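Everything on this sheet refers to the single structure shown next.
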Amino acid sequence: TASDGNGGLITNNARDTISLSGRLSDGSPGGMLSQTTGSTPGSGAGGNISLIAGQSIGISDGSTVSASTSGPGNAGNILVKANEITLNGGGTITAASTGAGGAGIVTIQGIDSPANSFLIDGAGSGVFTTTSDTGTGGNITIDANAVTLQNGAHLSSSSTGLGSTGNIQINAGNQFAT
């Protein structure tokens, strides 16, 4: 959204599998994107993104799920819900603020929570919340029986501006491996 109205919801529900993969022809990430760019006070918030699959969700090969703001409106939140969740080959989930609005919250969990497994594999792959102005960073919450980060994967909440970073909470029932 670029005005006073709020952004719409982006929802993808699948009985079995959701797979997001690759980049667009101009090299920018493919995937699901929600952005608010309004610059006046009272500008609308970004839309929330929800991916829910009965079995698995994969985000790979440079694809992204991203909610961001560059103005005073807050970015949307991101919910990823499946029994098996994998990010690899530069696949990312990102909530970001480059303005006064807060970055969104990222929640990763299973259908009946917790997820069986959450795997982040490879350099450039990860879950990120960032802020580079006065907006606060978003929180990351992961609820899975097994959480694995390998081969240069990242979980990160960062600030390069005046805004506070978000928190990262990992509820790994049986295994947390890096």
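The values are calculated or read from the model by the stated rules, or taken from the named source; none is laboratory data. Everything quoted here is computed from the prediction, not taken from an experiment. Cβ placement follows ideal geometry from the backbone for every residue including glycine, while neighbour counts extend to all protein chains displayed. These area figures cover heavy atoms from the full protein model, side chains too; ligands, DNA and RNA do not enter into them. Shrake-Rupley method; radii C 1.70, N 1.55, O 1.52, S 1.80 Å.
What the table shows:
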read-out	value
Relative contact order of the chain, defined on C-alpha pairs under 8 angstrom at six or more residues apart (%)	17
Per residue accessible area in Å² of the chain, where ligands, DNA and RNA are left out and the probe is 1.4 Å	43
Near-label residues of the range 125-167 by backbone N, under 16 Å of a point 7 Å along Cα→Cβ of residue 23	125-126
For a label point 7 Å along the Cα-to-beta-carbon line of residue 168, residues of the range 68-87 with backbone N under 11 Å	none
Accessible-area composition of the range 1-93, carbon plus sulfur, in percent [1.4 Å probe]	46
Whole-Hz ³J(HN,Hα) from phi, Karplus 6.51 cos²θ - 1.76 cosθ + 1.60, for the range 55-67, glycine and proline x	10, 9, 10, x, 10, 8, 6, x, 6, 9, 10, 9, 10
Sites residue 145 and residue 39 - FRET efficiency at Förster radius 45 Å, r taken between beta-carbons, to 0.05	0.55
Whole-angstrom Cα spans of the chain along principal axes, big to small	46, 33, 30
Accessible surface of the range 109-178 [probe 1.4 Å, protein heavy atoms]: carbon and sulfur percent	43
Efficiency of FRET between residue 111 and residue 61 - r from beta-carbon atoms, R0 30 angstrom, step 0.05	0.75
